[in-house]
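Scroll down for the structure; my scribbles are underneath it.
Taken together, the values in this text are just the output of simple stated rules run on the coordinates, not laboratory data. Note that the structure is a prediction, hence the values are computed from the model and not measured. Every residue, glycine as well, gets a Cβ built from its backbone with ideal geometry; the counts of neighbours run over all protein chains shown.
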Amino acid sequence: MEKINMTTPLVEMDGDEMTRILWKMIKDELICPFVDLKTEYYDLGLEHRNETDDQVTFDSASATKKYGVAVKCATITPNAARMTEYNLKQMWKSPNGTIRAILDGTVFRAPITVKGIEPCVRNWKKPITIARHAYGDVYKASEMKIPGPGKCELVYTGEDGRETRELIHEFAGAGIVQGQHNLNESIESFARSCFNFALDTKQDLWFATKDTISKKYDHTFKDIFQDIYDKEYDEKFKAAGIEYFYTLIDDAVARIMKAEGGFIWACKNYDGDVMSDMVSSAFGSLAMMTSVLVSPEGYYEYEAAHGTVQRHYYKHLKGEETSTNSVATIFAWTGALRKRGELDSLPELSAFADKLEQACLSTIESGKMTKDLALITTLEHPTVLNSEGFIKAIRETLEGLL
């Protein structure tokens, strides 16, 4: 078949470890044979981020603002062990956190459902979408090790030079301290993104924090959400027949375990990171979770919700066979291609993205899958494929659909 032409590039953000290996396979087998792929490429692998003092991450976010649509591979957020392993200049911050801060969007994550992979929470009948705030909190925190006895304070100095102080702790010995922040403007964008997404998808919206303990920080989130809802969205939600309600995060967890799904659960940045992993794992696999960052200005960045699959990468380096699930990474590509097709009025590009997703699901439903799915499928006698074999099986199914 003739390749589908693209008119505007995608921003392509390459990543780390096993997902980087899958990234190339997906392009070579599932995209480039069918699409005249145009991308502006950025290498967000940890080694290159270190070489560029992480400037490449900032450049990729700026490019996303320019072109409107990006697709990102999973990347490493280094810890002390990674500092040594990669001989890093410093412990670079999360590239996802950096990009989220620059684009000021909201991350929407939803499980990819497929016949034969049943949620381990039996009453979950429909997907649960996690809406994750995309700015601040622990991802932009400042941290300090306290060497010994002394006083630690929060200090705000206004433009007029006046100081406001709040005691954090009187240290009797060594310890640690962390300072988090957020912005009312970003919280407002988060709230509107959630309300708009709920209206677009006709789903109820839940929002949860811990305002009973965090009476200023978390309570500000709660108040901003409620104020915007009351002024701008109450009548729209009623007309759409959907509901918004706030509850404490621990109450939300208890409710969700007994719910049927089919709603959006809005969470602060770290809560959303953790809860999206819980939801995706309970629906079947961490590799079966889509993720898209949507900014108020209309920028989109698609990625898989999982990490770099470090354990499989070390096996791969030893020449051992791996069976790594590539579905969420494929869906990152399809999400970006579909959106690019929508924005550029290229229905054939969007249709290709739909068919590639269908090929992924049909391949699994035919009994061909990676080991993680084979361990939990209700299908009888599944065929376990290695990483490359699974992608080649998807290509075979895709060629049949095309």
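Within segment 351-361, the set of residues being surrounded by fewer than 18 Cβ atoms within 10 Å (Cβ to Cβ) and without any contact (Cβ under 8 Å) to a residue 40 or more places away in the chain comprises Ala351, Asp354. For segment 21-63, taking the residues that are in contact (Cβ under 8 Å) with a residue 24 or more places away in the chain and among the β-branched types (Val, Ile, Thr), the one that is nearest to Ala74 (Cα to Cα) is identified as Ile21. Residues considered: Ala353, Ala393. Of these, the only one that is of a type in the set (A, V, I, L, M), closer than 26 Å to Asn96 by Cα and assigned to a helix (DSSP H, G or I) is Ala353.
Filtering segment 376-395 to residues that are among the acidic types (Asp, Glu) and exposed (fewer than 13 other Cβ atoms within 10 Å of the Cβ) leaves only Glu380.
Please specify each residue of segment 268-285 satisfying the condition of being in a helix (DSSP H, G or I) and surrounded by 21 or more Cβ atoms within 10 Å (Cβ to Cβ).
Hits for segment 268-285 are Asn269, Asp271, Gly272, Asp273, Met275, Ser276, Val279, Ser280, Phe283.
Scanning segment 241-265 for residues that are exposed (fewer than 15 other Cβ atoms within 10 Å of the Cβ), under 11 Å from Asp204 (Cα atoms) and among the hydrophobic types (A, V, I, L, M, F, W, C) turns up just one, Phe245. For segment 18-52, filtered to residues that are more than 22 Å from the chain's Cα centre (by Cα) and of a type in the set (S, T, N, Q), the residue that is nearest to Ala328 (Cα to Cα) is Asn50.
Could you tell me which of the residues Ala110, Ala63 is hydrophobic (A, V, I, L, M, F, W, C) and under 16 Å from the mean Cα position of the chain (by Cα)?
Values: Ala63 fails: under 16 Å from the mean Cα position of the chain (by Cα).
Ala110 is the lone residue from the list that is hydrophobic (A, V, I, L, M, F, W, C) and under 16 Å from the mean Cα position of the chain (by Cα).
For segment 293-311, a residue qualifies if it is surrounded by 20 or more Cβ atoms within 10 Å (Cβ to Cβ) and not in a loop (DSSP other than H, G, I, E, B), and the qualifying residues are Leu293, Val294, Tyr300, Glu301, Tyr302, Glu303, Ala304. Restricting attention to segment 81-95, the residues that are within 14 Å of the chain's Cα centre (by Cα) and either free of Cβ contacts under 8 Å to residues at least 24 places away in the same chain or crowded, with 23+ Cβ neighbours inside 10 Å (or both) total 1. Restricting attention to segment 188-244 and to residues that are of a type in the set (A, V, I, L, M) and outside any helix (DSSP H, G or I), the residue that is farthest from Tyr270 (Cα to Cα) turns out to be Ile242.
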